[in-house]
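The values are calculated or read from the model by the stated rules, or taken from the named source; none is laboratory data. All values reported here derive from a predicted model rather than from experimental measurement. For neighbour counting, all protein chains shown are included, and Cβ atoms are generated from backbone atoms with ideal geometry for every residue, glycine included. When the accessible area is computed, the model is the full protein with side chains, heavy atoms only, and any ligands, DNA or RNA have been set aside. Shrake-Rupley method; radii C 1.70, N 1.55, O 1.52, S 1.80 Å.
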Amino acid sequence: MNQSSATASGWLLPETSLNEATEHYRKNETLMALCNGYLSLRGSFEEETIQLGHAGTYMNGFYEFHPLHYGEKFPGYPDNSQVMINLPDPKSVILTINGQTFSLDQGKVLHFERQLDIQTATLTRSVIWEAPNGNQVQIDSVRFVSATQKHLAGMQYQVKALNFSGAITLESLIALNRTNISRADDPRIGVTFDDAIWRIHNVYHAEQVLQVSGKTSKSQLEFRCTVSSVFSGAPHTIEFTQTDNKASLIAKATLQQGETLTLHKYMCYDRMDMDNPVSFALAMQQQGFNTLLAEHQAWWANAWAQMDIQIEGAQPLQQAIRFNMFHLTQSVGKDGQTNISAKGMTGEGYEGHYFWDTEIYMIPFFLYTQPEIAKQLLMFRYNTLEKARSRARELGHNKGVLYPWRTINGDECSAYYPAGTAQYHINADIAYAIQLYYNVTQDREFMENYGLEMLLELSNLWMVMGVFDPEKDNAFCIQEVTGPDEYTCLVNNNFYTNSMVKHQIGFAVKCLDQNFKLNANTQALVAQFDKKLAEQIVDSIYLPYSERLQIHMQDDAFLSRPVWDLANTPRNKFPLLMHYHPLTLYRHQVCKQADVVLAELLLSDQFSLEQKRRDFDYYAKITTHDSSLSTCIYGILACELGDMEQSYNYYIKTARTDLNDFHHNAKDGIHAANMAGSWMGVVYGFAGMRLNHGVLSFAPQLPKEWTAFSFPIHIQNKKLTVRIQADQTTYTLEQGQDLVINHRGKPVTLTLNQSVQLA
Ligand code: BGC
């Protein structure tokens, strides 16, 4: 594909001129970050002498403890947070021409272009620089973080002498002077460490290989960064140097005019999970840059075949949806030991923590496109079940498990409990994802070995923490929790939480009759499970409703609070959380994000359209969407309610959140849940897909701005593609035998490779 058709088809994110403004540069460091779920390199320039932003190198799940300080500390407050840390930077270089070092402070940049290729997950840059003495060089670089070798990143850096012959020095280094962003005045980003985050305890060098080994100070996690640097294209000498700030190999060459010196870096990171990273780096070098890159690109070609959404007639949205799926796929941990953080692996916002964002927003995307990844995300929860059990005890619950609101290693990290630990709905969110996973995959083996055990323990928690409230006709009530909306905290009977609990416990009860072959552990849990109590809860759980307004109340007291005057709140006071004391927010009817409306999407078949409309109309007026998890949900509901114009506006805000930097903080990392929301916006929104009793149903509506859109869906080992045009929808079963779906309320049977077109 040539450059202009690639741009037109939304596969590229180009940058055509050099912009040195810090905010712009930092934003692009995020947008152009490359990662593979294990290792990440932010999209910073390679040159150590150009530090305009925050060059980040991260490993998923690799963290340092950060002590949490409280003015007043009470039992159950976590002692430490875990923080994803910035590690030594393996991609750095320093380039010197006839004694003049390439930087932006001297000489002139005559040409600059850079682009992220979303299709092949590569970042390329081309620069022509004129040194103060008039010598001009062309510098071309390309890099990737391998999708097939999780420890590996590869980089090619070429320097061509354009108008001179002379001495070139190219230093390939591992930069050791990296640290995390410090906390300023935004609670969503940065922590200030008192001590060094990590220390290097060994530097090794043999021929072209450099290795630094280090350890974090408190969490005592070990890492190694091993880099093989291969220079070619011109005769050169190499020497090794080491300072506190770097370990380097310096190549010196004399280039004739028109000659090129090339550096290939094979950069390997591990957390002591490799036998011999030095031999690995050498083996990678043997395979060569082009072979490794081709392997990486082939992986991506296959990934796109499983997930690509095509939007015809709206290039900016085509680009956005691909960009979003790209970041989700490259950021997600795929090993059951790591997860996907709210910022992917692209920045230090929210300290690299995993939230409910995974289960409610991101798992649907993975489940319907790359189901094995969805399973690994649930396995992460299974692998931290024991910690969730201890946490429940710590909070005084003698049964069940309580998952952390935010975490890396499975322990709770939230220091502000009203908008943290109190969000017990995380338990119901995980249970929801287990059920969705099972319904979509029919993976009994997962349920037998892991799913049911989690589900029962998740349910046990509610059974001991909720109460049958005599003041409410003995309805089952859940007190003192926070729902998804973080502008209304510590409430009784949050509608979302209670609805999701009802759904969860109902599912747990059904699972008891599934004849699962269970291990002894789960059998014991089944034996102890109080089925009668569970059924009673399902029948009597309290769902707050206002007869006066005929709407669901977000919680018992929600409608008793005064309505926040959003119309007269100045634009510069948003997001509200940055300008008002939390109590001011909590005392008003004002929402940060979808809450009631989210429940009505997730549990779609349990509410009438009229009810959804009333609830939507009420809550839309008082919702700020200060959280990026909100517009996607409102957009989907607006579509279901037939308001395509409103839905489309929400969709643009969702899909292009990071590309347009709508929240002004893309520099700190992508908004991963929102990105997955943009996938849901197409599939749940415009295509109207819902899963009811294991059957997919569609109610397609084409936005008038588009001519067509299409997407694949994986369900029960089958692959379906759906193409929606103005007057018809085409369903094609591409893998698997017969699949029954529902199109606008009518069942349709699809057979392999036969397209069915419906009006
Ligand atoms: C939202 C939460 C979300 C978190 C991480 C907050 O702003 O209110 O719902 O889990 O961001 O994305």
Sites matching trypsin sites (Lys or Arg not before Pro) across the stretch 12-73 that sit in DSSP coil, with at most 14 neighbouring C-beta atoms within 10 Å: Lys73
Could you tell me which residue out of Gly451, Tyr586, Val481 lies farthest along the dipole of the stretch 407-624 toward its positive end? Charges go on the beta carbon: Lys and Arg +1, Asp and Glu -1, centred on the Cα centre. Tyr586
By the Cα gyration tensor axes a ≥ b ≥ c (a/c under 1.5 gives rounded; else a/b larger than b/c gives prolate, otherwise oblate), the shape of the stretch 234-302 is oblate
In debye to the nearest 20, the charge dipole size for the chain, taken about the Cα centre with +1 at each Lys and Arg Cβ and -1 at each Asp and Glu Cβ, equals 480
Skipping prolines and chain starts, which residues have an amide H placed within reach, meaning under 5 Å, of the one on Cys591, given they are 5 or more residues away or on another chain? Thr623, Thr624
Quick one: longest stretch of the chain between exposed loop GluC sites (Glu not before Pro), exposed meaning at most 14 other C-beta atoms within 10 Å and loop per DSSP? 208-479
Normalised contact order of the chain, rounded percent, pairs of Cα under 8 Å and 6 or more residues apart: 11
Report, in deg cm²/dmol and to the nearest 500, the calculated mean residue ellipticity at 222 nm for the chain, where each DSSP H run with n ≥ 4 adds -39500 (n - 2.57) and the sum is divided by the residue count. -8500 deg cm²/dmol
On the accessible surface of the chain, probed at 1.4 Å, how many percent belong to carbon and sulfur atoms? 47
Given the stretch 407-624 reduced to its alpha-carbon atoms as identical point scatterers, what log10 I(q)/I(0) does the Debye formula return at q = 0.10, 0.13, 0.14, 0.16 Å⁻¹? -0.49, -0.80, -0.91, -1.13
Residues with beta-carbon under 11 Å from that of Ser248, excluding Ser248: net charge, scoring Lys, Arg +1 and Asp, Glu -1? -2
With every protein chain left in place, what is the accessible area per residue of the chain in square angstrom, probe 1.4 Å? 36
Residues with amide H under 5 Å of Ile715's amide H, sequence separation 5 or more or different chain, H placed in the peptide plane at 1.01 Å from N; which? Leu720
Starting from the Cα gyration tensor of the stretch 409-493, take the square roots of the eigenvalues, sort them a ≥ b ≥ c, and report rounded, prolate or oblate (rounded when a/c is under 1.5, otherwise prolate if a/b is larger than b/c, else oblate). oblate
Charge dipole (the chain, unit charges on Cβ, about Cα centre) - positive-most of Ser229, Pro90, Ala305: Ala305
What size of dipole, in debye to the nearest 20, comes out for the stretch 642-759 about its Cα centre when the only charges are +1 on Lys and Arg C-beta atoms and -1 on Asp and Glu C-beta atoms? 240
Taking θ = phi - 60°, what integer Hz values does the Karplus form 6.51 cos²θ - 1.76 cosθ + 1.60 yield along the stretch 332-341, in sequence order, with x for Gly and Pro? 7, x, 10, 10, x, 9, 10, 9, 10, 7
Beyond a 22 Å Cα-Cα separation, which of these cross-linked pairs lie in this structure: Lys334/Lys653; Lys399/Lys532; Lys160/Lys265; Lys334/Lys399; Lys510/Lys531? Lys334/Lys653; Lys334/Lys399
How much net charge surrounds Ala672 when only the other residues with a Cβ under 10 Å from the Cβ of Ala672 are counted, with Lys and Arg +1 and Asp and Glu -1? -1
Any chance you could give the angle, 0 to 90 degrees and rounded to 10, that helix 315-331 forms with the longest Cα principal axis of the chain? 90
Can you compute 3J(HN,Hα) from phi for each residue in the stretch 135-142, using the Karplus curve 6.51 cos²θ - 1.76 cosθ + 1.60 with θ = phi - 60°, rounded to whole Hz and x for Gly and Pro? 5, 10, 10, 9, 10, 10, 10, 9
Computed over the chain: longest principal axis from alpha-carbon atoms vs helix 371-383 long axis, angle to nearest 10 degrees, is 80
Please give the Cα centre distance for the stretch 55-73 versus the stretch 247-284, rounded to the nearest Å. 31
Rg/Rh for the chain, where both radii come from Cα atoms and Rh is the Kirkwood radius: 0.98
Whole-Hz couplings from phi, Karplus 6.51/-1.76/1.60, listed for the stretch 208-216; x for Gly and Pro: 8, 9, 10, 9, 10, 10, x, 8, 6
Among rounded, prolate and oblate, which fits the stretch 15-304 when a ≥ b ≥ c are the square roots of the eigenvalues of its C-alpha gyration tensor, a/c under 1.5 means rounded, and a/b larger than b/c means prolate? prolate
